[in-house]
Amino acid sequence: MSPATRRRPKLAVWKFASCDGCQLSLLDCEDELLALAGEVEIAYFPEASSATVRGPYDLSLVEGSITTAEDRERIVRVRSASRRLVTIGACATAGGIQALRNFADVGEFVSLVYAQPQYIETLATSTPISAHVSVDFELHGCPIDKRQLLEVIGAQLAGRRPQIATTSVCMECKRRGNVCVMVAHGTACLGPVTHAGCGAICPSFDRGCYGCFGPMETPNVVALTRRLLEQGAGETAIDRVFHTFHAAAEPFAGAGSKR
Ligand code: SF4
Ligand code: SF4
């Protein structure tokens, strides 16, 4: 069957509460984008095109967290229109940096940020997509890595398991031959508990990892917290280190008091 007559799987890209950075990772696949467009029909991707094709869709990529009542209903419709659904990025997989509201009074934020707060309707929390609908795969990162994204798209469409490492950033450091910034310089680093995927960018430039790829599988947060305490960090400082992009991810939440 020629490419012109073959039915290509329909791909949809959806945005919820987010900065668009993860969707841009798809557009950033400059060398691979034409090949991808030959294999799939990019049916719904408002970030890239105003032309849209009706569902159902074979694969939906979902960026962003749920922060409004309207989005809570919309994600259910997206799920029912999607054969496979993959969440991309810290917002969609963990609630994102906007989940800092989960530890505070969102009404106070709204009154301070907006000139007309009476027009703002928002939920008290920012929650991951998996808290609302079933998800077939979660791809971590803030933003995600484009090579991992292409691997996940290919795997989902082929019906196989994506080849995504589940180890920590430390493993990537070792492969690059980096000197450990924590052992050698006493720099606070979340590499031991953070999901691999970035290639250990930050330690390669002599700074600590701040966890933008989120918690790895079964992270030993207690051991790392103890180590940070030995280095002189206080409980509040440790909480601040963990409370960034994945503040609401259970292994990182309240890390300063875990020991
Ligand atoms: S995970 Fe990070 S880069 Fe992706 S949409 Fe959220 S804030 Fe933006
Ligand atoms: S913060 Fe950590 S996970 Fe994020 S790019 Fe830096 S080293 Fe990688």
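Every number in this text was worked out from the coordinates using simple rules, so none of it is lab data. Just so it is clear, the model here is predicted, and its values are computed rather than measured. Positions of Cβ are backbone-derived with ideal geometry, glycine not excepted, and every protein chain shown enters the neighbour counts.
Given springs between every Cα pair under 10 Å in a Gaussian network model of the chain, which of Val78, Val62, Val193 has the largest fluctuation? Taking springs between Cα atoms under 10 Å, the residue moving most is Val78. So, counting K/R as plus one and D/E as minus one, what does the shell of residues with Cβ under 13 Å around Asp20 add up to? Net charge in that neighbourhood comes out at -2. About its Cα centre, the dipole of the chain is roughly 680 debye, where the only charges are +1 on Lys and Arg Cβ and -1 on Asp and Glu Cβ.
With the simple model of a label 7 Å out from the Cα in the direction of the Cβ, Glu47 to Val183 spans 3.8 nm.
Summing +1 for each Lys or Arg and -1 for each Asp or Glu among the other residues whose beta-carbon sits under 12 angstrom from that of Arg161 gives -1. Spin-label model, Glu108/Leu34: points 7 Å from Cα along the beta carbon direction are separated by 5.5 nm. Note on the chain: antiparallel DSSP beta bridges, both residues inside, total approximately 20 percent of the bridges counted.
Coupling constants for the stretch 243-254 follow from the phi torsions by the Karplus curve (6.51 cos²θ - 1.76 cosθ + 1.60, θ = phi - 60°), and in residue order they are 8, 10, 5, 10, 3, 8, 5, 3, x, 8, 5, x Hz; glycine and proline get x. Taking only DSSP H segments of four or more residues, each worth -39500 (n - 2.57), what value at 222 nm results for the chain once the sum is divided by all its residues, to the nearest 500 deg cm²/dmol? After summing the helix terms and dividing by the residues of the chain, the value is -9500 deg cm²/dmol. Of all aspartates and glutamates in the structure, those lying under 18 Å Cα to Cα from Lys10, and not within fewer than 8 positions of it along the same chain, are Glu32, Glu39, Glu41, Glu47, Asp58, Glu63, Asp136, Glu151. Taken about its Cα centre, the stretch 1-55 carries a charge dipole of about 480 debye when Lys and Arg each add +1 at the Cβ and Asp and Glu each add -1 at the Cβ. If you look at the Cα atoms of the stretch 128-218, you get an Rg and a Dmax of 14.5, 45 Å. Each Cα pair under 8 Å and six or more residues apart adds its separation to the average, and for the stretch 46-159 the resulting relative contact order is 33 percent.
If you take the Cα centroid of the stretch 159-237 and the Cα centroid of the stretch 60-132, the two points sit 27 Å apart. The phi torsions of the stretch 32-49, fed into the Karplus equation with coefficients 6.51, -1.76 and 1.60 and a -60° offset, translate into couplings of 9, 5, 5, 5, 4, 5, x, 8, 10, 8, 6, 8, 8, 7, x, 5, 9, 8 Hz, rounded to whole numbers, with Gly and Pro shown as x. The value of relative contact order for the chain, using C-alpha pairs under 8 Å at least six residues apart, is 16 percent. I need the Debye-formula profile for the stretch 1-140: one equal scatterer per C-alpha, no solvent, reported as log10 I(q)/I(0) at q = 0.18, 0.20, 0.21 1/Å, two decimals. Values, matching the q order: -1.03, -1.19, -1.27.
Can you pull a Stokes-Einstein diffusion coefficient for the stretch 97-142 at 10 °C (1.306 mPa s), Rh from Kirkwood over Cα pairs, as a whole number of µm²/s? The diffusion coefficient I find is 126 µm²/s.
Counting only Cβ charges, +1 for Lys and Arg and -1 for Asp and Glu, the dipole size of the stretch 46-135 around its Cα centre is about 420 debye.
Seen through its C-alpha gyration tensor, with square-root eigenvalues sorted a ≥ b ≥ c, the chain comes out oblate because a/c lies at 1.5 or above while a/b is not bigger than b/c. What the phi angles of the stretch 161-172 give under the Karplus curve with 6.51, -1.76 and 1.60, with θ = phi - 60°, is a coupling list of 6, x, 8, 10, 4, 10, 7, 9, 4, 3, 4, 5 Hz, glycine and proline written as x.
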